[in-house]
Amino acid sequence: MDETTLKALLEHLPVYWWEADGQLRVIDSGGGAFIDSRTPQRFLEAMRQDFAASWHSPEVSHWQARFDGRVFDVSWPLDEVACGGRARGLAVEVSAGTAAARRFDAFADFAPAAAFIRDEDGRYLWTNHAYAHLYGTTPGNVIGKHVQDFDSLADAAQFLALDREILSHGRSVRHTLTYHRSDGTSAYAAGHRFPVLEGSQTCVAGIYVDITDYTRALDQRREAEESLHALRDHSGLPCALISAGGRIQQASAAAAELLQTRPSDLVGRRAHTVLAPAPELDLLHRRWNDLIARRRRRFETSAVLVDARGRQRRARLHLTTVGRSSTRAAEVWAVVTHQGLAHEAHPPLTASQIRILSLLATGSSNGEIATSLRLSRQTVDYHLSRLRDLLGAATRPALVARAYVLGILSPQTWPPRSATATHPLSSA
């Protein structure tokens, strides 16, 4: 077999051969151990550094070397060529799982996580594409250079200090670090840094994931939550965040004051326990189901609230869904506006009695009320007498006043109307 045929055969085997001059400069090389042009150069550089002193020692011509996690049987020199003092070398990979190792190297090279290997002086021995991309370049332009060539002096000092910590303790460290991109902006990365054996020396390897966007999103969310809490606590509006299951998760100080309790006593409580029985509760329940099912985004209605003393107060209730899910709302904000006066519970009234009170509040006489409602005068007289007994009011003016104080008539509308009637601006 001639030399040309032998070289062609070695191109398909996990070996690497080279021919160097007396100054250890490579004249020719080949073989199938390495799949790119940069790796053989790094391999020979490692050989030069580790075994240059033994170059001319006849007793040292064969050894085992570790490189990039691979093990090679190295023979150097194989023979002496008289012309120019040239020598040939051969490295045969002997580590188990060589094919798997090469597949892993290829995987690591193109993995999205940034990875590198540096020696104790901060010189890059290997990086993958993701790491080089952080600096806007390629692995070939990083390998062989130092940390200071890519990072500021302050950042480089930080990184080298971490390297020394790894080398001195001999164990991996998981941490988050801040670095500066090529455009000067700050960025954040999280990952592991750990010791590895590269050839005959212990080096530092690292693998990191850029979490800049994630960190900034967390900061923005935290700021939004702080702003929302400030608005909740200092706006003076009674409001509460209610889960889809109907439990109060957050409550403002104004809501606690409205219900004569503490915010901590409201959290975890079922929302329906602060509502008094009222005709509009059925509508509220249906609209609540619409909100949770995303058939509505917001809803406004009238409701009667019950405080810790058992007093009732009519108010406008505004409900708005929270979250972006298209199928089911996770939470609902409830905001209270247009509060009526707190009052004791009153006896239930008929629709006719409430209409009579509404007309009475406009100043209508008994006869005018009878005509408007198409009732007899005697029927109106009976209802007014009955209402004075039920509400504890001796005169007509006192009867109107009690109707407002007890929340029967709405103080926000004119002409007077029932507080349970749908608000003119409601979208219900």
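Taking Gly144, is it loosely packed, with under 14 Cβ neighbours inside 10 Å and at positive phi? It is false that Gly144 is loosely packed, with under 14 Cβ neighbours inside 10 Å and at positive phi.
Where strands (runs of 3 or more DSSP E) fall wholly inside segment 163-260, the ranges with 1 or more residues that are among the aromatic types (Phe, Trp, Tyr) and over 30 Å from Trp333 (Cβ atoms) are 173-180, 186-198, 201-210.
Return the only residue of Val322, Val336, Val306 being more than 25 Å from the chain's Cα centre (by Cα) and more than 20 Å from Thr413 (Cβ to Cβ). Step by step, each of Val322, Val336, Val306 is checked, and only Val306 is more than 25 Å from the chain's Cα centre (by Cα) and more than 20 Å from Thr413 (Cβ to Cβ). Note on segment 147-175: residues that are touching a residue at least 12 places away in the same chain (Cβ under 8 Å) and either in contact with a Leu (Cβ under 8 Å, 6 or more places away or on another chain) or closer than 23 Å to Thr185 by Cβ (or both) amount to 13. Residue check: Phe159 meets all listed conditions (1) more than 18 Å from Phe110 (Cα to Cα); (2) surrounded by 13 or more Cβ atoms within 10 Å (Cβ to Cβ); (3) touching a Lys or Arg at 6+ places or on another chain (Cβ under 8 Å) but one, namely (3).
Could you say which residue among Ala308, Ala334, Ala329 is buried (at least 18 other Cβ atoms within 10 Å of the Cβ), closer than 18 Å to Leu266 by Cα, out of contact with any Phe, Trp or Tyr (no Cβ under 6 Å at 6 or more places or on another chain) and small (Gly, Ala, Ser)?
On the way: Ala308 fails: buried (at least 18 other Cβ atoms within 10 Å of the Cβ); Ala329 fails: closer than 18 Å to Leu266 by Cα.
Answer to the check: Ala334.
Out of Ala329, Ala428, Ala342, I need the residue that is at pLDDT 85 or above, within 44 Å of the chain's Cα centre (by Cα) and closer than 30 Å to Asp233 by Cβ. Which one? Ala329 is the lone residue from the list that is at pLDDT 85 or above, within 44 Å of the chain's Cα centre (by Cα) and closer than 30 Å to Asp233 by Cβ.
The values are calculated or read from the model by the stated rules, or taken from the named source; none is laboratory data. Bear in mind that the values here come from a model prediction, so they are computed numbers and not experimental data. Counting neighbours? That spans all protein chains shown, and the Cβs are built from the backbone with ideal geometry, glycine included.
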